[in-house]
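Reviewing the structure listed below.
The values are calculated or read from the model by the stated rules, or taken from the named source; none is laboratory data. Since the structure is predicted, the reported quantities are computational estimates derived from the model, not experimental observations. Virtual Cβ from ideal backbone geometry, glycine too; neighbours counted across all protein chains shown. Quick note on the areas: whole protein, heavy atoms, side chains included, nothing else; ligands and nucleic acids left out. Shrake-Rupley method; radii C 1.70, N 1.55, O 1.52, S 1.80 Å.
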Amino acid sequence: MMKRRAFLALTGVSALAFGVRPALAQTAPGVLRASSPGGVMTVEAGVDGDGRPIYSISRMGRPVVTSSRLGYLLTDGVALERNLTVTAARPVTVDDTWEQPWGERQFIRNHYNEWRVSYVEKTALGRRFDVVFRLYDDGLGFRYDLPEQPGLKTVRIAAELTEFNLAEAGDAWWIPAWEWNREEYLYNRTAIDQVGSAQTPMTVRNDSGLHVSIHEAACLDYAGMNLRRSEGRSFRAQLTPGLTNAAVVRQAPFTSPWRTLQISDTAAGLVDSSLILNLNEPNKMGDVSWFKPMKYVGVWWEMHLELKTWNSGPKHGATTENAIKHIDFAAEHGFGGVLVEGWNIGWDGQWFANGSDFSFTECYPDFDIEAVTAHGRSKGVQLIGHHETGGNAFHYEQQMDAGFALYERLGMHSVKTGYVADAGGARVAGPDGSPVMVWNESQAMSQHHLRVAETAYKHKVAVNAHEPFKDTGLRRTYPNMISREGARGMEFSAWGQPGNPPEHEPNLVFTRLLAGPMDYTPGIFGMETRSPGGVQTTWAKQLALYVVIYSPIQMAADLLVNYEANPGPFQFIKDVPVDWSDTRVLNGEIGDYVTIARKERGSDIWALGAITDENPRTLSAPLSFLDAGRRYRAEIYRDGPDADFKGKRESIVIEQREVTSADTLSLALAPGGGQAIRFVPLGRKVRR
Ligand code: NOJ
Ligand code: CA
């Protein structure tokens, strides 16, 4: 028998009027409560008068989420949402530190109190589930744990009832859910009570200044979660529909993804948090040392500018000659990889309408993959694979093993995948094995992306998915999931109607990028494009994005001629590190500006990036992150006095000065501008 003392029983919480769900704090003394290790976050959980599971969250005594429902509706007409009794175990403290194989930090502390709350139906069925909370000082996650039990074997979830009733008024930054272009939307900023249906991460700033970002972690074999505002500041989890009337079908035992809230006094604190990664399981794959973080160039931007084509014909971009030209450029300037899109057969029809013509092993006749990769090997440059699927996961799965085997044989250790589809859906195998359409973030697609990662791993290939399933930190468990798109990338500055406005990147940092790395593809110097207004940043901001936006692969996305013509600013792109041992967020406000400093892994070099929206501003950057008592050469790339995203975008000042950790730099940013700095220690040998 379980030790009585280890449990706080809460049955028959005061008699409450039907339909009224007061905050649990009002139910004291029987209330169940647990806090984070430093006592910053507190959760209360229990049941209301109808035996419905509820929880609430407070931070340092101040409500963040008021009494909100938990539970499930199942498709067989029964619900796991009322007539429940509740008990809770005593919280268990965990404090460990783990190492990332690559990342924005080398070591991550994982310090939380885990609290298991158990719900059991009072009915004869006696079905049960637990809600497991992990309380950190910088937020929390909770998930449903469905144990093995006789009364519930196959769990068909029609709807998840989790609510987030936000306590305070404020502003929200969000992109719409259920739209055809998946995650590629501009961010809305509205009052919290004006949000519609939002994707996550959705970030809010309360009127008191508290910042909260709602997302999920470890979404595996499950439907993605969106947030639907029901009324006022109340949101409900909305699972992406599946193949049947159940959004999720699982066999017990299983756990749901974590529902997460990162909570901080400052916007910068959200970026500093490692909560999403911490809530994922440790590395299950094993060694990924065959993948090296790198910068790359590619046969890419020229297609987006319509100078070349993916399809065959006189303007075909993926020719042997063009690929070799890029490899030679990469070798000369120290880039590790070359991406070549349009190399494989299948681009000539309506590929984004069906995706069924793609071959993942056969080249167009003017692209000799054997010769290109042999040339790359002789120069120490890898060809980066490309698998556009047109959203046809069904078709892709039949060939992906052969596609990865080809890459393995040719020494190619990474692939960019893509799921562009006309109406934003995807095709997977239906119940009878023939293809059916599903949502991009359905359970079937979450299974697909895991199969891709596992198959790729077998062949020592790392995956950078475009039009992906949202990032929920799976790179901790599956570290060949290196990066992804999942937002409007730089490509929108090539042809977007509209393009990405200057506030886009400072929006991304505090929303999408809280989820994980993004292959944003910065580094554009040719500012006139097919998009009205062209690229809406200064050159200095393009450089700063290499530090601000984390990804273990970073593209130098522009045409090679633009780099050859501008060796001064190009030098920063060549020099900036791509793998880090430490990251510090010096300042920031959502959608306005941010300054991030990062230390290169394996050396004492630091880099700093600062970016602003359409407003010019001067930011203060104390250099206290540098080693005390050491001198550094600061290689500064800053906006010229007349720089402006609407005018002289190329106006840049490149200068050097000596600094120490005692200095504070004043960073003057132009409208739509930025600043990039590399700090190289002087007087001691730099290990590289
Ligand atoms: C969309 C991707 O985001 C882009 O990078 C790629 O070039 C096209 N799909 C074609 O695959
Ligand atoms: Ca895209």
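In Å and from the alpha-carbon atoms only, list the Rg and Dmax of region 542-594.
Cα-based Rg and Dmax for region 542-594 come out at 13.1, 36 Å.
For a quick protection proxy, order the peptides 429-440, 351-362 by their average other-Cβ count within 10 Å, most packed first.
351-362, 429-440
What is the projected area of the convex hull of the Cα atoms of region 129-248, averaged over all directions, in nm²?
On the way: hull surface 35.0 nm².
Spelled out: convex hull of the Cα atoms, projected over all directions, averaged, 8.7 nm².
Along its principal axes, what span do the Cα atoms of region 38-92 show, with the longest given first and each in whole Å?
If we take the Cα atoms of region 38-92, the spans are 43, 23, 20 Å.
Hey, could you get me the Stokes-Einstein D for region 380-518, Kirkwood radius over alpha-carbon pairs, 4 °C and 1.567 mPa s, rounded to whole µm² s⁻¹? If you can, show how the numbers build up before the last one.
Values: Rh = 15.9 Å.
The diffusion coefficient I find is 81 µm²/s.
Over the Cα atoms of region 516-635, how large are the radius of gyration and the largest Cα-Cα distance (Dmax), in Å?
Rg, Dmax (Cα atoms, Å): 14.9, 50.
In debye to the nearest 20, how big a dipole does region 502-581 give about its Cα centre with +1 on each Lys and Arg Cβ and -1 on each Asp and Glu Cβ?
Numbers: 4 positive and 8 negative charges, 21 e Å.
Dipole of region 502-581, to the nearest 20 debye: 100 debye.
Less than 9 Å Cβ to Cβ from T85, Lys/Arg counted +1 and Asp/Glu -1: what total charge do the surrounding residues give? Before the final figure, lay out the partial values.
Numbers: positive: K122; negative: E121.
Computed value for this residue: 0.
When each pair of different Cα atoms in region 431-513 is counted once in the 1/r mean, what is the Kirkwood radius in angstroms, to one decimal? Present the calculation step by step, with values, prior to reporting the outcome.
Numbers: mean 1/r = 0.0677 Å⁻¹.
When all Cα pairs of region 431-513 are included, the Kirkwood radius is 14.8 Å.
Please state, as a whole number in µm²/s, the translational diffusion coefficient that the Stokes-Einstein equation yields for region 302-366 at 20 °C and 1.002 mPa s, with Rh defined as the Kirkwood radius across alpha carbon pairs.
Numbers: Rh = 12.7 Å.
This corresponds to a translational diffusion coefficient of 169 µm²/s.
Per the Kirkwood formula on distinct C-alpha pairs, the Rh of the chain is how many angstrom? Spell out each step's value before the answer.
Details: mean 1/r = 0.0382 Å⁻¹.
By the Kirkwood definition, the hydrodynamic radius is 26.2 Å.
I'd like the carbon and sulfur percentage of the solvent accessible area for the chain, probe radius 1.4 Å, heavy atoms only, ligands and nucleic acids excluded.
Working: 12170 of 24350 Å².
Using a 1.4 Å probe with all protein chains present, the chain comes out at 50 percent carbon and sulfur.
To the nearest 10 degrees, how steeply does helix 393-409 sit against the main Cα axis of the chain, on a 0 to 90 scale?
50
With an 8 Å Cα cut-off and a minimum separation of 6 or more residues, compute the relative contact order for the chain in percent.
Details: 1837 pairs, mean separation 70.1, N = 688.
Relative CO of the chain lands at 10 percent.
What does the highest-first list of 312-323, 532-543, 281-292, 210-221 look like by mean Cβ count within 10 Å? Walk me through the numbers on the way to the answer.
Numbers: 312-323: 17.7, 532-543: 25.8, 281-292: 13.7, 210-221: 23.0.
Output ranking for 312-323, 532-543, 281-292, 210-221: 532-543, 210-221, 312-323, 281-292.
Rg over Rh of region 139-179, using C-alpha atoms and the Kirkwood radius, what does it come to? Could you put the intermediate results ahead of the total?
Working: Rg = 16.2 Å, Rh = 14.7 Å.
Expressed as Rg/Rh, it is 1.10.
Got the relative contact order for region 33-169 handy, in percent, Cα pairs under 8 Å and 6 or more residues apart?
On the way: 311 pairs, mean separation 35.6, N = 137.
The normalised contact order for region 33-169 reaches 26 percent.
Based on the Cα coordinates of region 214-330, what is the per residue volume of their convex hull in Å³? Spell out each step's value before the answer.
Details: hull volume 32.3 nm³, N = 117.
It comes to 276 Å³ per residue, whole-number rounded.
Just to confirm, what accessible area per residue do you get for the chain at 1.4 Å probe, in whole Å²? Mind showing how you got there, number by number?
Values: 24350 Å² over 688 residues.
Per residue, the chain has an accessible area of 35 Å².
In deg cm²/dmol and to the nearest 500, what is the mean residue ellipticity at 222 nm of the chain if only DSSP H runs of at least 4 residues count, each as -39500 (n - 2.57), divided by the residue total? Show your work: numbers first, answer last.
Values: 13 runs with 111 residues, N = 688.
It lands at -4500 deg cm²/dmol.
Which GluC sites (Glu not before Pro) in region 481-542 sit in a loop by DSSP (not H, G, I, E or B) and have at most 16 other Cβ atoms within 10 Å of their own Cβ?
On the way: sites: E485, E491, E503, E528; in loops: E485, E503, E528.
Sites meeting the loop and neighbour criteria: E528.
Cross-link candidates for K308: which aspartates and glutamates have Cα within less than 13 Å, leaving aside residues fewer than 8 places away along the same chain?
Within the straight-line cut-off, K308 pairs with E341.
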